[in-house]
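S.K.: Take a look at this one; I'll ask things after.
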Amino acid sequence: MRVLVVGASGAIGTRLVPRLIERGHQVTGTFRSPGNADRVRALGAEPVALDLLDPAAVRRVVLAAGPEAIIHQATALSNVRFSRNLDRSFALTNRLRTEGTDALLAAAREAGVRRFVAQSFASYRYARVGGPVKTEDDPLDPEPPAVARQTNVAMSYLDQAVTGAGGVALRYGGFYGPGDDGLAGPVRKRQFPVIGDGAGISSFIHLDDAAAATVLALERDEAGLYNIVDDEPAPMREWLPVLAQALGAKPPRHVPRWIARVVAGGGLVMMAESRGASNAKAKRELGWTPRYPSWRQGFAAAYGGRPESLLAGD
Ligand SMILES: NC(=O)c1ccc[n+]([C@@H]2O[C@H](COP(=O)([O-])OP(=O)(O)OC[C@H]3O[C@@H](n4cnc5c(N)ncnc54)[C@H](OP(=O)(O)O)[C@@H]3O)[C@@H](O)[C@H]2O)c1
């Protein structure tokens, strides 16, 4: 297929493009930052500059590329300072997920694009009640913290717009992988504590596994929502020390929940209550199996530490 990858120069895009080419697809890849054309070309794609917030440019690029499929992986989180106000940190990303998705879907309709796959997010979104692990059919958090409300609205907007148009929205777990500093940076600096009793559940995904699932989702003909997460949703008190160990960092600090609320705001406290996500549907319907079924092996493989199975014997 002719595939247009929007955000080809990013953390997931750079892992996705080579897989698509290996699978026999012909790829046009967009970038936003000047200087990233060579990076996209080196992956084997035809590079095109695009600002997704410019609908006329989106229309032009889509019509010129004439793709049979579009994959939307554009976010704007590099160089963002994650402050206590998550909506402020995600403001541009939220626009890429709403206005950007609208522009792409409109252009896709006009160009007769058959398939559309977009990046969504699974962790910290499901209702913070009931069992620890949620499927795509479970309700989302009806009352996210005030500082994350717009971000949650934008993700739900994308989920509905994409599946409503017959496409696939992939709710990825928290990304990690070699070279990815999103979570690793703060953990290295011991700025990321275990909150309260550390019972809040997170779901993770190695960026390579996320890319592999995306290739399979592209080949699926039906609309759908999929959690793309590993097999082991886990409480923070378990995964955070393992991540710190893999990074060669000191063990994480612990802070009582009320202090986290005062210092870091509702966004961090949301993690203390969050539920994990199930990947059963993605395995069943996409025929996908993660290469890193657990962050236990994945963190060590990504960041150079030793797997927990070895540590247990110390
Ligand atoms: N995705 C999430 O929900 C999430 C959440 C928390 C943390 N993180 C972490 O954040 C870090 C980097 O995030 P990131 O968002 O910068 O990801 P990224 O993977 O570096 O970039 C995403 C892609 O979107 C493109 N892009 C940015 N603005 C655009 C625009 N206006 N129009 C079209 N394309 C645009 C970028 O182009 P250029 O590179 O050419 O500018 C890039 O190709 C990673 O470590 C990730 O793990 C991600």
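S.K.: How large a share of the accessible area of the chain, in percent, is made up of carbon and sulfur atoms when the probe is 1.4 Å and the other protein chains stay in place?
M.R.: Numbers: 7040 of 13710 Å².
Summing carbon and sulfur atoms, their accessible area is 51 percent of the total for the chain.
S.K.: Still on this structure, please answer the following. Output the DSSP H helices from the chain with an along-axis C-alpha extent of no less than 24 Å and a mean Kyte-Doolittle hydropathy no less than -1.0.
M.R.: 91-111
S.K.: Same structure, new question: What span do the alpha-carbon atoms of the stretch 119-221 cover on each of the three principal axes, reported in whole Å from largest to smallest?
M.R.: 44, 34, 25
S.K.: Another question about this same structure. Quick one: 3J(HN,Hα) in Hz for the stretch 135-144, Karplus 6.51/-1.76/1.60 with θ = phi - 60°, rounded, Gly and Pro as x.
M.R.: Per residue, the Karplus-derived 3J(HN,Hα) values read 9, 4, 7, 6, x, 7, 4, x, 9, x Hz.
S.K.: Follow-up. Could you state the accessible area per residue of the chain in Å², with a 1.4 Å probe and every protein chain left in place?
M.R.: 44 Å²
S.K.: Just need the Rg to Rh number for the chain, please, alpha carbons only, Kirkwood Rh.
M.R.: 0.96
S.K.: Tell me, what HN-Hα J-couplings in whole Hz come from the Karplus equation 6.51 cos²θ - 1.76 cosθ + 1.60 at θ = phi - 60° for each residue of the stretch 275-290, using x for Gly and Pro?
M.R.: Computed from phi, the couplings for the stretch 275-290 are 10, x, 10, 9, 9, 4, 5, 5, 5, 5, 8, 9, x, 9, 10, x Hz.
S.K.: Under 1.5 on a/c is rounded, so check that first for the stretch 157-314, then, if it is not, pick prolate when a/b is larger than b/c and oblate when it is not; a ≥ b ≥ c are the square roots of the alpha carbon gyration tensor eigenvalues.
M.R.: Oblate, because a/c is 1.5 or more while a/b does not exceed b/c.
S.K.: Could you give me the radius of gyration and the Dmax of the stretch 219-296, taking only the C-alpha atoms into account and expressing both in angstrom?
M.R.: Taking only Cα atoms of the stretch 219-296, I get Rg and Dmax of 16.4, 48 Å.
S.K.: Another one. Name the long-range amide H neighbours of ILE228: under 5 Å, sequence gap of 5 or more, or other chain; modelled H, no Pro or chain starts.
M.R.: ARG171, TYR172, GLY173
S.K.: Convert each backbone phi in the stretch 169-174 into a coupling constant with the Karplus relation 6.51 cos²θ - 1.76 cosθ + 1.60 (shift: θ = phi - 60°), then list the ³J(HN,Hα) values in order as whole Hz, x for Gly and Pro.
M.R.: So the Karplus estimates, Gly and Pro as x, are 9, 9, 8, 6, x, x Hz.
S.K.: In addition: Residue farthest toward the positive end of the dipole of the chain, with Cβ of Lys/Arg at +1 and Asp/Glu at -1: which of THR98, ALA57, ALA301?
M.R.: Highest projection toward the positive end goes to ALA301.
S.K.: When a/c reaches 1.5 or more, the comparison of a/b and b/c decides; with that in mind, is the stretch 77-154 rounded, prolate or oblate per its Cα gyration tensor?
M.R.: It comes out oblate by the Cα gyration axes.
S.K.: Can you list residues from other chains, or at least 5 along the same chain, whose modelled amide H is less than 5 Å from the amide H of SER202?
M.R.: Result for SER202 returns ALA234, MET236.
S.K.: Could you grab the Rg to Rh ratio for the stretch 8-54? Cα atoms only, Kirkwood for Rh.
M.R.: Radius of gyration relative to Kirkwood radius: 0.96.
S.K.: At q = 0.15, 0.22, 0.25, 0.29 Å⁻¹, what base-10 log of I(q)/I(0) does the Debye formula yield for the stretch 185-247 when every alpha carbon is treated as an equal point scatterer in vacuo?
M.R.: Evaluating at q = 0.15, 0.22, 0.25, 0.29 Å⁻¹ gives log10 I(q)/I(0) of -0.61, -0.94, -1.08, -1.25.
S.K.: Moving on to the next point. Just from the alpha-carbon atoms, what are the Rg and Dmax of the stretch 114-173 in angstroms?
M.R.: Calculated on Cα positions, Rg and Dmax stand at 12.0, 38 Å.
S.K.: Please list the radius of gyration and Dmax for the stretch 1-128, considering alpha-carbon atoms only, with Å as the unit.
M.R.: Cα only, the stretch 1-128: 14.6, 45 Å (Rg, Dmax).
S.K.: Around HIS206, with a cut-off of 9 angstrom between Cβ atoms, what is the net charge of the other residues, counting Lys and Arg +1 and Asp and Glu -1?
M.R.: Computed value for this residue: -2.
S.K.: Here's a follow-up. Report the percentage of all Cα-Cα pairs in the stretch 141-200 whose separation exceeds 17 Å, rounded to a whole percent.
M.R.: Counting pairs separated by more than 17 Å, the tail of P(r) holds 65 percent.
S.K.: What whole-number distance in Å separates the alpha-carbon centres of the stretch 178-254 and the stretch 276-302?
M.R.: 11 Å
S.K.: How would you classify the stretch 50-92 from its alpha-carbon gyration tensor, with a ≥ b ≥ c the square roots of the eigenvalues: rounded for a/c under 1.5, else prolate if a/b is greater than b/c, otherwise oblate?
M.R.: Note, shape of the stretch 50-92 comes out prolate.
S.K.: Would you list which aspartates and glutamates come within 13 Å of LYS189, measuring only between C-alpha atoms, while excluding same-chain residues fewer than 8 positions from it?
M.R.: Partners within reach: ASP181.
S.K.: I've got another one for you. So what is the 222 nm mean residue ellipticity for the chain from helices alone, if each DSSP H run of at least 4 adds -39500 (n - 2.57) and you divide by all residues, rounding to the nearest 500 deg cm²/dmol?
M.R.: Per the formula, -12000 deg cm²/dmol.
The values are calculated or read from the model by the stated rules, or taken from the named source; none is laboratory data. Please read these numbers as outputs of a predicted model, since none were measured by experiment. Counting neighbours? That spans all protein chains shown, and the Cβs are built from the backbone with ideal geometry, glycine included. Quick note on the areas: whole protein, heavy atoms, side chains included, nothing else; ligands and nucleic acids left out. Shrake-Rupley method; radii C 1.70, N 1.55, O 1.52, S 1.80 Å.
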